[in-house]
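The block underneath contains the structure these notes are about, expressed in structure tokens.
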Amino acid sequence: MLKLYDHAVESRLLLGTALYPSPAIMADAVRAARCDIVTVSLRRESGTARAGQDFWGFIRDLGIRVLPNTAGCHTVKEAVTTAQMAREVFGTPWVKLEVINDADTLQPDVFGLVEAARILTKDGFQVFPYCTEDLGVAERLVEAGCEVLMPWGAPIGSARGLNNVYGLRSLRAHFPDIPLIVDAGLGVPSHAAAAMELGYDAVLLNTAVAKAGDPVKMANAFARAVEAGRLAFEADPLEPRDMAAPSTPVLGKAFLE
Amino acid sequence: MSIIVNGEPHECAPSSLAALLTDLGYGDAIVATALNGDFVPADARGETAVADGDRVEILAPMQGG
């Protein structure tokens, strides 16, 4: 069973809670995905409107674990303060650490990410860093205390799938014992299956489900793809080859010339 | 004095950060607070003074990816 910081999880699909047509559809999608963990965030709350209180009620009713993020943070200081605020509100040491570099690609500021991960780990957090597939950065994150890595598949919300299969495969080979989660950029269930077939431990996605025409059906589709991809990985799939290899035995074939 | 709360100026004179939250109607809402960019734990709000020009952030759970 997959363990993330000593917490055993059944499902290898982590789902975001944003961008759904309604809170009810979000809740149905989470159930259809059969996931154990959802990502959440923090935003400014009005003393009168209190939108956040209603949302938190919805999430608590689901009875599953939350992974708060630091989405939108562009500096180490912002990310660390947001993580500290999230820990108090959500009551968990887990944090999906995002330090964003570029507004167009939302790619991580890997230098800030490593620095923030070090600060937060020393402060008792269990950090899930949203990173790239760069091996050097991954090593720095592990040195900083990260026991899980979350490389992107593609830019957040882009639905492009796995942009750098070679890089992701290398990362998997380089860190055989660290839980690796492909986070972001997936569009369709086959992307998730491909990540799992590479040996990734889980996938985290949001937009591909939330913005689908039928989010609940798509959540179900992703759940099946993740399960299929994992089973395929465990079943030790064939390596591709260039030439054909007959599947029907040649021995014993009739001579009919 | 003027305090910037979630980006908006407020004219008020609270005795502490906890008093400010009460004055603004947060009551028992589940929120986290920061003062001038630094986290202020809930149990420290009562002894945390706010001064003219301070920036206060009051955040709550929200959807996230």
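The values are calculated or read from the model by the stated rules, or taken from the named source; none is laboratory data. Small disclaimer: the values here were computed from a predicted structure and weren't measured. Cβ atoms come from the backbone with ideal geometry, glycine included; neighbour counts cover every protein chain shown.
Per this entry, B:VAL31 is counted among residues that are closer than 17 Å to A:ALA86 by Cβ and surrounded by 14 or more Cβ atoms within 10 Å (Cβ to Cβ). Scanning segment A:106-151 for residues that are among the basic types (Lys, Arg) and under 22 Å from A:GLU88 (Cβ atoms) returns A:ARG118, A:LYS122. Kindly indicate whether any position in segment A:141-161 is free of Cβ contacts under 8 Å to residues at least 12 places away in the same chain and on the phi > 0 side of the Ramachandran plot. No; the residues of segment A:141-161 include none that is free of Cβ contacts under 8 Å to residues at least 12 places away in the same chain and on the phi > 0 side of the Ramachandran plot.
Please verify whether A:ALA194 is closer than 23 Å to A:ALA33 by Cβ, surrounded by fewer than 24 Cβ atoms within 10 Å (Cβ to Cβ) and touching a residue at least 12 places away in the same chain (Cβ under 8 Å), treating the condition exactly as stated. When the stated conditions are applied, A:ALA194 passes them.
So that you can scan it fast, the table gives a plain yes or no per residue for (1) closer than 16 Å to B:GLY7 by Cβ; (2) more than 17 Å from the chain's Cα centre (by Cα); (3) surrounded by fewer than 22 Cβ atoms within 10 Å (Cβ to Cβ); (4) at pLDDT 95 or above:
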residue	(1), (2), (3), (4)
A:VAL30	no, no, no, yes
A:ALA33	no, no, no, yes
A:VAL38	no, no, no, yes
A:SER46	yes, yes, yes, no
A:ALA49	yes, yes, yes, no
A:PHE58	no, yes, yes, no
A:LEU62	no, yes, yes, no
A:ALA71	no, no, no, yes
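Of A:ALA117, A:ALA192, all but one fail to be modelled with pLDDT of 95 or more and more than 24 Å from A:GLU234 (Cβ to Cβ); the exception is A:ALA117. When the test is whether a residue is surrounded by fewer than 24 Cβ atoms within 10 Å (Cβ to Cβ) and within 30 Å of A:SER22 (Cβ to Cβ), A:ARG118 does not pass it.
The residue of segment B:45-65 that is surrounded by the fewest Cβ atoms within 10 Å (Cβ to Cβ), among those that are touching a residue at least 12 places away in the same chain (Cβ under 8 Å) and hydrophobic (A, V, I, L, M, F, W, C), is B:ALA51.
For segment A:81-99, filtering for residues that are in contact with a helix residue (DSSP H, G or I) (Cβ under 9 Å, 6 or more places away or on another chain) and within 24 Å of A:GLY185 (Cβ to Cβ) leaves 6. Restricting the search to strands (runs of 3 or more DSSP E) fully inside chain B and requiring at least 3 residues that are at pLDDT 95 or above, within 10 Å of chain A (Cβ to nearest Cβ) and on the phi > 0 side of the Ramachandran plot gives an empty result. Identify, please: which residue in segment A:165-214 is hydroxyl-bearing (Ser, Thr, Tyr) and either within 14 Å of chain B (Cβ to nearest Cβ) or not in a helix (DSSP H, G or I) (or both) and is, among those, farthest from the chain's Cα centre (by Cα)? Here the residue is A:THR207. Selection of segment A:215-257 for residues being part of a loop (DSSP other than H, G, I, E, B) and touching a helix residue (DSSP H, G or I) at 6+ places or on another chain (Cβ under 9 Å) yields only A:PRO237.
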